[in-house]
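Peer 1: Take a look at this one; I'll ask things after.
The values are calculated or read from the model by the stated rules, or taken from the named source; none is laboratory data. Predicted model, so just to flag it, every value in this text is computed and none were measured. In this analysis, Cβ positions are derived from the backbone assuming ideal geometry, glycine residues included, and neighbour counts consider all displayed protein chains.
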Amino acid sequence: MKFGLAESNRYEKVASSNQSVVFYSLMIILFGAMTARLFWLQIVQGSFYKRLSDENRIRLVSRAPIRGRILDRKGKILADNSLSYTLSVQPRLLKKENWPSLRDRLSSLLNLPKLELDERYRRGLTEDPFRIILVRNLAKTKVLRFIESQQFLNGAQLDEELLRYYPNGRLASHVLGYTQPITQNEFTLLSNKGYEFRDRIGRTGVEAAYESHLRGKWGGEMLEVDASGIVQRSLGIRPAMAGNDLLLTIDLELQKAAENALEDKRAGAMVVLDPRTGAIRAMSSRPNFNPNFFSKSFTSQKEYDDLFLSSRMPLFSRAVNAYDPGSTWKPITAIAGMETGKFPSDVLLDTAPCLKYGSHCFREHNGRGFGKIGYEDALSFSSNTFFYQIGIGVGSKALYDAATKLGFDSLTGIEISYEENKGVIGNEDWAKKGRGWGKPGQTPWLPEDMASAAIGQAVIQITPLQLARAYAVFANGGYLITPHLSDGGLNWTSSKYRKKVDIETSTLDVLRRGLLKVVESGTGASLNLSDFPLVAGKTGTAEDSTGGSDHAWFVCFAPYDSPEIVIVAFAQNTPGGGSVHALPMARKVLEVWNKQRGK
């Protein structure tokens, strides 16, 4: 019995000892796990959880920069900013299952249709992972209601936005351009340059060309909030840095005159520039658009289609796109004739009712001819058969050389050159290469092509801005200027921006006298008014090589002795002649300019 009892006690002690070991082992494992977890949370993931804590305690409020204003040359406002409020949600802070209740509260509080909120939320989930815009330009009464109930609207936020505002509506819309919200792809590329996902960016015109000058830099405020989201105090402010104002060379009064001159035209353009420096005083295109469209809180599908899908193409600037120039091209053919020496400045040529080149009879516009005439009368009468002979006589290379000296077949250097068309100056090499649409070697240069090129038809395409630049050479004594929309403190008469053209002074003198004669007694005589200074210019009527009705052109410079202004008037597909349709357009601008000179 004693042995059995002792053995039993020994087993009990062993069992008790094992239980202690298990207990202490479990305790060690438990505390080890707790220590490891604490190490993981505080050391390894400490910065992450600290950031989460700070985000729950600290709210960062971005402050958008004020975009610089755009002003005309006298400081009159062409583009400004207006304050608006945008209602949005951040998907990162709002679970999908919580959206229906938030939507219902917003709909009830702000009287907003649930279906529209749902549609914008669903669309936003795929378009922008950072911010879904529900309503732009929220009414002030609704802004106040939102602020009063903000603590019950977790996930929704109210942002102040400065939207672009154009006080003159459609005026100079192609020059100014417009701004739009930055896209996701753009934000990815530009975020390292200080752009935010709520930014607006210049899309076209000077808004795009001078984006970095106008945009400014974002600022913000760090706020401490409690668990309910109520602001407790400000922890610091970094002020937003406003963008710079942009002073244009545009003259608001001349711009209005140019726009008014186009009012009764289906389509067309006006360009007004200073031939001494290249400063553009007015540039208009019709049809145009209202850039305030892009600041609207809501646009219907019809409004969108009318702007982007219209066959009239209101976003398309006719001032920097190419068309058949007609007889306004004849001075370039004259340069080719005189500069090659094949048709010197005193040459006289017989004009005729018709001259045959290739298989086609090329007619004189009056059906009779003008007898034997020289350059000055040929420009004054706008003789076709005179210039056919010059063009055929010098050939396409000489004509191309004369054209490129005046800046054709290249961009002008204007700040919005990304919207510019360099045009086409047809020649033998161009034809051998396929004319831009055919196969090399299968579209030869024909006599008919050369005759057409001599009078600016079919194989010649130029822009109104290029034409203004070329006639500035005639006006300023032989310098090819750089058209520009803002002076930017640069010396635009330096050799970098104004180059001497390799043309004989005698050639320019003949052209100037001929262009003066156009207005004194030729096709532009209706502009010969006693209350105007002497004006020189050229009318043009051009067949539309794309198949439409004729274009009407008129280009002029004044005063003749010391030119201060060049004007190009272009009426697209407006049959009847340049003297009938385009010249009166130029006269409207000249009248305003002349009044300004008298002040």
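Peer 1: Filter segment 183-210 down to the residues that are acidic (Asp, Glu) and within 19 Å of Asn292 (Cα to Cα), then identify the one that is surrounded by the most Cβ atoms within 10 Å (Cβ to Cβ).
Peer 2: Filtering first and then ranking leaves Glu207.
Peer 1: Show me the strands (runs of 3 or more DSSP E) entirely contained within segment 98-194 in which 2 or more residues are of a type in the set (S, T, N, Q), touching a residue at least 12 places away in the same chain (Cβ under 8 Å) and within 30 Å of Asp72 (Cα to Cα).
Peer 2: Values: elements: 132-135, 156-165, 179-181.
Because the criterion is at least 2 residues that are of a type in the set (S, T, N, Q), touching a residue at least 12 places away in the same chain (Cβ under 8 Å) and within 30 Å of Asp72 (Cα to Cα), the strands (runs of 3 or more DSSP E) in segment 98-194 that meet it are 179-181.
Peer 1: Moving on to the next point. Inspect all residues belonging to segment 318-326 and state whether any of them is more than 28 Å from Val566 (Cβ to Cβ) and within 20 Å of the chain's Cα centre (by Cα).
Peer 2: No - not one qualifying residue is present in segment 318-326.
Peer 1: Sort through Ser521, Ser494, Ser530 and tell me the only one that's farther than 24 Å from Arg587 by Cα and among the small types (Gly, Ala, Ser).
Peer 2: Ser494
Peer 1: Suppose we keep only residues that are assigned to a loop (DSSP other than H, G, I, E, B) and aliphatic (A, V, I, L, M) within segment 403-421. Which one would you say is nearest to Val473 (Cα to Cα)?
Peer 2: Leu406
Peer 1: Here's another thing I want to ask about it. Can you tell me which condition Ala261 does not meet? The list is (1) surrounded by 24 or more Cβ atoms within 10 Å (Cβ to Cβ); (2) within 19 Å of the chain's Cα centre (by Cα), and all the others hold.
Peer 2: For Ala261, the exception is condition (2).
Peer 1: Continuing with this model, one more query. Only one of (1) out of contact with any Ser or Thr (no Cβ under 6 Å at 6 or more places or on another chain); (2) in contact (Cβ under 8 Å) with a residue 40 or more places away in the chain; (3) among the polar types (S, T, N, Q) is not met by Asn366, so which one is it?
Peer 2: Exception for Asn366: condition (2).
Peer 1: Quick one: Gly177 ticks every box in (1) crowded, with 19+ Cβ neighbours inside 10 Å; (2) in contact with a Leu (Cβ under 9 Å, 6 or more places away or on another chain) bar one, so which box is it?
Peer 2: (2)
Peer 1: Out of Leu516, Leu534, Leu527, Leu508, I need the residue that is over 30 Å from the mean Cα position of the chain (by Cα), buried (at least 19 other Cβ atoms within 10 Å of the Cβ), at pLDDT below 95 and assigned by TED's automatic domain parsing to the domain that holds Leu465. Which one?
Peer 2: Leu527
Peer 1: Turning to a different aspect of this structure: Is segment 258-265 home to any residue that is assigned to a helix (DSSP H, G or I) and under 22 Å from Asn81 (Cα atoms)?
Peer 2: Applying the first criterion (assigned to a helix (DSSP H, G or I)) to segment 258-265 yields 258-261.
With under 22 Å from Asn81 (Cα atoms) added as a condition, the list becomes none.
No, segment 258-265 contains no residue that is assigned to a helix (DSSP H, G or I) and under 22 Å from Asn81 (Cα atoms).
Peer 1: Here's another thing I want to ask about it. For segment 380-413, which positions are among the aromatic types (Phe, Trp, Tyr) and either more than 20 Å from Val555 (Cβ to Cβ) or at pLDDT below 95 (or both)? Break it down into steps so the answer makes sense when it comes.
Peer 2: Of segment 380-413, the ones among the aromatic types (Phe, Trp, Tyr) are 381, 386-388, 400, 408.
Those that are among the aromatic types (Phe, Trp, Tyr) and either more than 20 Å from Val555 (Cβ to Cβ) or at pLDDT below 95 (or both): Tyr388, Tyr400.
Peer 1: Could you look through segment 554-592, keep only residues that are touching a Lys or Arg at 6+ places or on another chain (Cβ under 8 Å) and assigned to a strand (DSSP E or B), and pick out the one that is surrounded by the fewest Cβ atoms within 10 Å (Cβ to Cβ)?
Peer 2: So, considering only residues that are touching a Lys or Arg at 6+ places or on another chain (Cβ under 8 Å) and assigned to a strand (DSSP E or B), the one surrounded by the fewest Cβ atoms within 10 Å (Cβ to Cβ) is Ile565.
Peer 1: Still on this structure, I have one more. Going by what's in this entry, would Thr482 be described as assigned by TED's automatic domain parsing to the domain that holds Ala269, surrounded by 14 or more Cβ atoms within 10 Å (Cβ to Cβ) and among the polar types (S, T, N, Q)?
Peer 2: Criteria met by Thr482.
Peer 1: For segment 449-473, give me each residue that is surrounded by fewer than 24 Cβ atoms within 10 Å (Cβ to Cβ) and either of a type in the set (Phe, Trp, Tyr) or not in a helix (DSSP H, G or I) (or both). Spell out how you get there, then give the answer.
Peer 2: Narrowing segment 449-473 to residues surrounded by fewer than 24 Cβ atoms within 10 Å (Cβ to Cβ): 450, 452, 457-459, 461.
Within segment 449-473, Gln457, Ala458, Val459, Gln461 qualify.
Peer 1: Out of the residues in segment 178-207 that are among the aliphatic types (A, V, I, L, M) and in contact with a strand residue (DSSP E or B) (Cβ under 7 Å, 6 or more places away or on another chain), state the one that is nearest to Arg164 (Cα to Cα).
Peer 2: Ile201
Peer 1: A follow-up question, please. State whether one or more residues within segment 426-448 are within 31 Å of the chain's Cα centre (by Cα) and buried (at least 21 other Cβ atoms within 10 Å of the Cβ). It would help to see each step written out before you state the result.
Peer 2: Kept after step one, since they are within 31 Å of the chain's Cα centre (by Cα), are these residues of segment 426-448: 426, 430, 435-437.
Next, from what is left, pick out any that are buried (at least 21 other Cβ atoms within 10 Å of the Cβ): 426.
Within segment 426-448, one or more residues are within 31 Å of the chain's Cα centre (by Cα) and buried (at least 21 other Cβ atoms within 10 Å of the Cβ).
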